[in-house]
Amino acid sequence: MAEAVFRVVQAGPLVSVQDGGRPGMMRFGVPASGGMDRKALALANLALGRPEGSPVIEVSLGGLTLECLSGRVSLAVTGGAFLVETGVVGAGVVGAGGRKTGSWQVLTIEAGERLVIRRGHWGAWAYLAFAGTLQAPRWLGSAATLASSNLGGGVLKAGQDWVVAAAEVVPPRDLPRPVSARPRHSLHVVMGPQAHCFAPEALEAFAAGPWVLTPQGDRMGVRLKGPALALGDALSIPSEPIVRGSVQVAGDGVPVVLLADHQTTGGYPKIATVLDDDLDAFAQLRPGDGVAFTPISAEEAAALGRFRAERWAEYKARMRERMGEAVG
Amino acid sequence: MTAPRFTPVADHALLVEFARALDDAAHAAVLRLDAALTAAPCPGIREWVPAFVNLLVEFDPAVTDHATVEAQVTGLLDQAAAPDHTPVTHEVGVCYEAPFARDLAAVAEKTGLSQDAVIAAHLAGDYRVYLYGFAPGYAYMAGVPPELRLDRKTAPVRGIAAGSVIVAGAQCLITTLTMPTGWWILGRSPVKVLTGDEDRPFLFGVGDRVRFRRLSLAEFEAENGASHG
């Protein structure tokens, strides 16, 4: 079987292997992890005809440079609007004759060439999938990296070599970028489950905003800046389960939106919970970006969640069909 | 047991609360519901997570919704499902020697006990695993004797090594990762709660009991070497 070998030349912080995640393990203190933008991760795999939850490399704003040491393989880059350069190793990032493009592309790289993925005009995470099998360590059935522990496929570091087995080459092409992949500044929330821990003014202040993402963010969650959210007398509750999207408020009155590698339980009250479908595009916001919360009822949330889930399933089905046309 | 309170969580989860403060009867109700869900999972449920006094049910919004899950959970409350795990007692070694017991002196000072009395009190505790929470393999045990119960530190300390045996209030746990903690660090255990065994990746079951056994530095090194294979 053909294989391609890559050396990590440069990797920013939080560049890691991710896949469809390991749901179902919260009862052991293990969050699902997986892509911060799960949809972009799935579309990178589907663009190459791979199962949607296959292991990929999640690239942070810190960027990634890989050098292909041997072999030849096609790859897809999705996610935020990152810059993608390929070319032979030479002067500068890539040598003369290098190709400069952007994300939402399928292209091919071979021995002696470099692949550079770096931040572009918008977006916080890019996904690099291979037309082959990225050989990555698994933990509890998944290669998703839990960044705080390095369990799973792992964080990428300069000097490492990574192997893509069963490497294939497919024609280059542009990928359609769904409108829903743009960073989302307006999120639907259901208030609670600890709305009762907050004064009515705090609930109003949360809905009114304005909120801005702070630089204090990682795969576990992101702190927001905005009006102080005064807690009532209940400063802490018995530790209870947390979901991706919980908006937790600690004693300092500052909300944190919990994300892919969130702690599984917490003792601080949650003022609201973001609809799951909104979280992928939310993760593509950068520090300094504004965000607003729109409270809706649980019934409205359930209807919207179902509508969005159906639409996403249809979109993926269309991608699979196109894939059949592209390589079949 | 009074009827639980149901609270919707976004579009895809339901919180089932049996109490809002720590309560043994509420925890027992959580474990009964956990067993009942294991015996008869409702359609569309992806995962459910038992905690101290509540249980979170996470579902696929394309398949079911809060009201349907609430009705199904209510129907399970009266069912007496046998727990799927028979509690066992684990004997766990702890080394309380200087390199690992960074807070022993502070705990002695705060409790007014000698360092040896702090160790003896910790060893005398009868610990029970209530849940896993926070991070992989973090098994929350209750059973710290009253004379050792301290509030958390005012600020967490960074970079505390995996295997640290830490206490706060009535709770004790053995860390599995290098992480910040505001709990008090009494010693280090060579036991691996993340076992590395794919068939049984986590050492403890909820409801298990733990007895601690004191290890000398040499015994710790020997057991630590053995547990690293």
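Every read-out reported here was derived from the displayed coordinates using simple, explicitly stated rules and does not represent laboratory data. From a predicted model like this one, the values you see are computed outputs, not experimental measurements. Cβ: placed from backbone, ideal geometry, glycine included. Neighbour counts: every protein chain shown.
Details
- Student exercise, the stretch A:3-179 dipole from Lys, Arg, Asp, Glu Cβ charges, in Debye to nearest 20: 340 debye
- √(5λ) per eigenvalue of the Cα gyration tensor, the stretch A:3-179, largest first, Å: 25, 17, 15
- Percent breakdown of C-alpha pair distances by 20 Å bin, ordered from the shortest bin, for the protein assembly as shown: 20, 50, 27, 2
- Using θ = phi - 60° and Karplus 6.51 cos²θ - 1.76 cosθ + 1.60, couplings along the stretch A:213-226 (whole Hz; Gly, Pro as x): 6, 8, x, 7, x, 8, 6, 7, x, 9, 7, 10, 10, x
- Remark: spin-label model distance B:A105-B:A218 equals 2.6 nm, labels positioned 7 Å along the Cα→Cβ axis.
- Working from label points 7 Å from Cα in the Cα-to-Cβ sense, the A:D252 to B:T74 distance is 4.2 nm.
- Size descriptors for the stretch B:22-150 (Cα atoms only): Rg and Dmax, in that order, 19.8, 59 Å.
- Angle in degrees between helix B:24-39 and the longest Cα principal axis of chain B, rounded to the nearest 10: 60 degrees
- Simple Cβ-charge dipole of the protein assembly as shown, Lys/Arg +1 and Asp/Glu -1, about Cα centre, in debye nearest 20: 1280 debye
- Gyration tensor verdict on chain B (Cα atoms; rounded if a/c is under 1.5, prolate if a/b is larger than b/c, oblate otherwise): prolate
- Inter-chain Cβ neighbour average for residues A:259-269, partner chain, 10 Å: 3
- Counting Lys and Arg as +1 and Asp and Glu as -1 over every other residue whose Cβ lies under 10 Å from the Cβ of B:F6, the net charge comes to -1.
- Taking Cα centre as origin and charging only the Cβ of basic (Lys, Arg, +1) and acidic (Asp, Glu, -1) residues, the dipole magnitude of the stretch A:186-296 rounds to 180 debye.
- Residue separation of A:E300 and A:L69 scaled by 0.36 nm, minus their Cα-Cα distance, works out to 77.9 nm of gained length.
- Helical content alone sets the calculated 222 nm signal of the protein assembly as shown at -6000 deg cm²/dmol, taking -39,500 (n - 2.57) per DSSP H segment of four or more residues and averaging over every residue.
- A:S149, A:S142, A:S186 arranged by Cβ crowding within 10 Å, fewest neighbours leading: A:S186, A:S149, A:S142
- When all alpha carbon pairs of the stretch A:186-296 are counted in 10 Å bins from zero, the resulting P(r) reads 15, 55, 29, 1 %.
- Within 10 Å of each Cβ in B:13-26, the average number of Cβ atoms from other chains: 3
- Peptide-level mean, for A:272-280, of C-beta atoms on other protein chains within 10 Å: 3
- This ranking places A:D289, A:D277, A:D174 by how few other beta-carbon atoms lie within 10 Å of each, fewest first, which gives A:D174, A:D289, A:D277.
- For B:L113 and A:K225, the FRET efficiency from 1/(1 + (r/R0)^6), where r spans their Cβ atoms and R0 equals 35 Å, is about 0.20.
- Counted charge near A:L69, where neighbours are those whose Cβ lies closer than 12 Å (Asp, Glu -1; Lys, Arg +1): -2
- Rg to Rh quotient for chain A, alpha carbon positions, Kirkwood Rh: 1.00
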